[in-house]
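What follows is a single structure, written as structure tokens, with notes after it.
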Amino acid sequence: MSLSRASSDKDRARLKLAVRRQVKACGGQESAASITRVGPQTLSDYGNHLSDRHRDTHCPLDVLLDLTLDGGPVALVELCRIAGGVYVPLPTTGAASDWAREIADVAREGGEAVARLCEALSSGGTITAEEVRALELRREVAEAIEALVTVDHHLARIEEASKQS
């Protein structure tokens, strides 16, 4: 019986590579194993995209949560991108916001996205699928969106605070 899956082999390989980077962000297999319920070899299997034996061995959500809380949202960011979305970390509620940094992030990430889009458009006035992949256009646009959502969340907190006073 053949399964028709929504994800492709390439998507799942990208996810495995992201899990490998996630484990590295947690200090490697031994360190990562110390903060979750699986051992170092199992973590290695989750990141092994080359072996047919481990092709369908993927990281469970509870393990990903442990790794994310320890090493940051490395794999979660990639999962969101594979699914066509973006991961946007929200500022800690009640934390003082750094307007200058937030606005600089919007300018930097937006500028990088615009520069890459213009680069793609400069060779014929259209953007091809090959350029989308080669120039990582979706990643650049996603990073700009993430920066804007952070500012939007900050603005929403200000608006909410004014309603309560």
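Return the sequence-ordered ³J(HN,Hα) values of the stretch 47-53 in whole Hz as given by the Karplus equation 6.51 cos²θ - 1.76 cosθ + 1.60 applied to θ = phi - 60°, using x for Gly and Pro.
3J(HN,Hα) across the stretch 47-53, in whole Hz: x, 7, 9, 9, 8, 4, 4.
Charges on Cβ only, +1 for Lys and Arg, -1 for Asp and Glu, centred on the Cα centroid of the chain; of 28, 47, 4, which one is farthest towards the dipole's positive end?
So the residue we want is 4.
Residue 143: net charge of surrounding residues, Cβ under 11 Å, Lys/Arg +1, Asp/Glu -1, itself excluded?
Net charge in that neighbourhood comes out at -1.
Using the 10 angstrom Cβ neighbour count as an exposure proxy, how do 7, 44 rank, fewest first?
Listing 7, 44 from fewest to most nearby Cβ atoms yields 7, 44.
Which ordering of 57, 42 is given by a fewest-first count of other beta-carbon atoms within 10 Å?
Going from sparsest to densest Cβ surroundings: 57, 42.
Pick from 67, 17, 90 the residue whose mean-square fluctuation is largest in a GNM of the chain, springs joining Cα atoms under 10 Å.
Taking springs between Cα atoms under 10 Å, the residue moving most is 90.
Can you sort 16, 24, 10, 163 from fewest to most other Cβ atoms within 10 Å of each residue's own Cβ?
The most exposed by this proxy come first: 163, 10, 24, 16.
What dipole magnitude, in Debye to the nearest 20, does the stretch 1-72 give about its Cα centre under +1 on Lys/Arg Cβ and -1 on Asp/Glu Cβ?
My answer is approximately 280 debye.
For the stretch 99-164, what does the alpha-carbon gyration tensor say about shape, rounded, prolate or oblate, given a ≥ b ≥ c as the root eigenvalues, a/c under 1.5 as rounded, and a/b over b/c as prolate?
It comes out prolate by the Cα gyration axes.
How big is the chain by Rg and Dmax over its Cα atoms, in Å?
19.3, 62
Values quoted throughout were computed directly from the atomic coordinates according to the rules given, and no laboratory measurement underlies them. Computed from a predicted structure; not experimentally measured. Don't worry about glycine lacking a Cβ; one is built from the backbone with ideal geometry, like all the others, and counts go over all protein chains shown.
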